[in-house]
Amino acid sequence: MVVTEINSAKFRDMVRIATYRLNKNAEFVDSLNVFPVPDGDTGTNMNLTVQSGEKAVNESNGSQVGELTAALAKGMLMGARGNSGVILSQLFRGFSKKTEDKEVLDSQALADAFVGGVETAYKAVMKPVEGTILTVARQAARAGQKKATETSDVNEVMQAVVEGAHKSLQQTPELLPVLKEVGVVDSGGQGLLFVYQGFLEALTGENVSDLYQPDKSEMDEMVNAAHHQGVQPQISTQEIHFGYCTEMMIDLTADFEGKKEFNYDEFREYLNELGDSLLVVSDDEVVKVHVHTEVPGHIFSHGKKFGKLDKIKVDNMRIQHENVVDESAKSDIQPVDFAVVAIAVGDGLRQLFESLGVSYVLSGGQTMNPSTQDIVDAVEKLKAKKAIILPNNGNIMMAAKQAKDVLSIPVEVVPAKTVSQGMSAMLGFDPDASLEDNAQSMTELIEGVTSIQVTRAIRDTEIDGVEIHNNDYMGLLNGKIVHSTANKFETIIETIQDGLTEDSEIVTIIIGEDGSEEEAQQLEDRILEIDEDLEVEIHQGDQPVYDYLISIE
């Protein structure tokens with residue numbers, strides 16, 4: 001039977017099932033991340049972005065498709081996390097622009113909407129890279145456009161979009177050499193394919209009933225547990241030691257290669273080391289988890305060893321707490337002329353940024369990227385007349401730029417991709433200078449910083465000729481893995497030696513949660529043996545994920 005239009009009810013189904021499909025497969029998308037480091041996780045970021053869009057659609061009373069696509073786009077815009085989430089939100093922003101006056105969508109309107117999404121997304125990315133989600137979106141839209149000239153059936157157009165996306169995804173390793181080297185397809189493109197497949201399932205009614213869907217009410221009971229109630233106004237934000245309220249459900253019935261046998265006591269003991277407020281409820285088929293932690297990615301990675309993850313949810317409690325506390329204190333906040341908002345996680349890093357003149361440090365970083373809304377809220381709470389945003393992470397850059405576009409005051413994003421760059425940039429901040437002059441001088445200082453990050457590998461792989469084994473210590477030099485050994489000290493020194501030049505003057509070592517003052521002192525001694533004229537500074541950062549953050553200037 002030919003289906004010639006998509007009405008609002010059907011579009012709601014498309015969003016619901018696409019969200020569900022991506023949620024079910026977020027961990028698989030995460031596994032496609034090229035670098036074996038605990039990062040923002042493409043699947044998790046896209047999943048949270050789409051969930052924000054679905055929430056907006058559910059809250060909309062719109063009876064026309066155009067009203068719902070607008071709600072979806074706005075929800076995804078404000079909930080976008082990580083670069084993959086921002087690009088996905090831009091795809092649906094363009095989709096919305098093409099459909100804003102539509103009561104229903106016919107086959108041509110549907111195809112045009114996908115094309116519009118691609119046009120908007122490409123404009124949003126400064127230097128589009130082929131072999132990524134952008135390529136998959138473009139070729140999928142092209143396939144849908146071609147099919148729309150041949151049929152009036154919206155199902156056939158959507159089928160063509162899915163097939164185009166799938167074909168393009170398989171070609172991504174040929175376009176992006178690093179994908180071919182590691183042996184994976186593009187993670188963002190894979191996430192987009194799951195969204196499109198969800199759309200098709202909603203239209204055809206196929207391949208939905210066999211998906212496992214646990215009862216949401218049991219997890220809701222945990223979310224509303226007593227320890228969530230009434231304590232936030234009584235503590236300071238700095239006293240929140242574990243800032244991310246993390247929840248997941250594990251389907252123990254899933255069967256896959258390498259699956260581990262679930263042991264309740266061992267599982268609970270492991271998670272207990274990663275946070276507090278832990279709740280683990282299980283039966284023979286499903287495990288429900290709630291924990292407050294600094295490393296949501298570690299929680300999810302451990303959980304998926306035992307089954308398929310579902311109902312993934314992460315909330316930044318520091319932001320929630322500040323919102324609760326500030327409601328009663330808003331009248332006491334005096335407007336400032338010029339604010340700087342930096343993004344970092346770790347009490348030591350917060351203090352360091354504040355000592356350099358940052359107005360507010362938004363908790364977030366490698367294991368949890370703040371959304372566009374989080375960044376907007378952080379700027380608005382300061383009641384500033386103008387502001388600078390320091391993302392301090394390459395995967396937060398696009399969300400920061402999206403926040404700039406949303407905010408009503410003049411804002412500049414200084415493109416700091418690491419904490420080290422962000423701190424160096426603050427040395428060029430002058431509250432009496434103009435917004436533009438500050439952005440320029442701060443950006444210039446970034447260019448003279450060599451950034452080193454030290455962390456542990458989460459899987460075996462080989463990248464750029466560097467053989468990496470699970471649990472190795474990896475040294476990243478300006479974002480590129482250059483050394484990987486089982487010896488942390490050796491890895492750090494070799495990476496520092498690669499980063500030093502005859503012009504190097506200062507080496508700054510920032511100690512993370514898994515680093516130590518004693519080890520940092522040993523590093524200082526070894527660095528001075530390499531070049532006694534270097535100046536070495538050591539600071540406590542308390543950051544998760546990276547044992548050490550090191551800058552060379």
*asked:* Being assigned to a loop (DSSP other than H, G, I, E, B) and surrounded by fewer than 22 Cβ atoms within 10 Å (Cβ to Cβ) narrows it down to one residue among E519, E502; which is it?
replied: E502
*Candidates S107, S84, filtered to the one that is crowded, with 24+ Cβ neighbours inside 10 Å and modelled with pLDDT under 95*: S84
_Against the condition under 27 Å from M397 (Cβ atoms) and not assigned by TED's automatic domain parsing to the domain that holds D464, how does A143 come out, does it pass?_
no
*asked:* Out of everything in the range 330-365 that is modelled with pLDDT of 60 or more and among the hydroxyl-bearing types (S, T, Y), what residue ends up being farthest from A80 (Cα to Cα)?
replied: S355
*Determine if the range 92-102 includes at least one residue that is closer than 28 Å to V295 by Cα and outside the structural domain of P544 (by TED's automatic domain parsing).*
no
*Given the structure, is D210 modelled with pLDDT under 85, under 26 Å from K311 (Cα atoms) and assigned to a helix (DSSP H, G or I)?*
no
*Within the range 484-499, can one find any residue that is without any contact (Cβ under 8 Å) to a residue 24 or more places away in the chain and assigned to a strand (DSSP E or B)?*
yes
*Identify, by number, the condition in (1) more than 25 Å from the chain's Cα centre (by Cα); (2) under 26 Å from V314 (Cβ atoms); (3) among the hydroxyl-bearing types (S, T, Y) that S152 doesn't meet.*
(2)
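What helices (runs of 4 or more DSSP H) completely inside the range 222-329 contain at least 3 residues that are in contact with a strand residue (DSSP E or B) (Cβ under 6 Å, 6 or more places away or on another chain), surrounded by 12 or more Cβ atoms within 10 Å (Cβ to Cβ) and modelled with pLDDT under 75?
On the way: elements: 264-272, 296-303, 317-327.
Result: empty, no element qualifies.
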*Are any residues in the range 116-146 without any contact (Cβ under 8 Å) to a residue 40 or more places away in the chain and farther than 29 Å from V413 by Cβ, and if so, which ones?*
Q139, R142, A143, G144, Q145, K146
_Of all residues being among the β-branched types (V, I, T) and surrounded by fewer than 24 Cβ atoms within 10 Å (Cβ to Cβ) in the range 382-412, which is farthest from G85 (Cα to Cα)? Just the residue, please._
I409
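The values are calculated or read from the model by the stated rules, or taken from the named source; none is laboratory data. Here the structure is a predicted model, which means the values were calculated and not measured. Because the Cβ atoms are built from the backbone with ideal geometry, glycine has one as well, and the counts that use them run over all protein chains shown.
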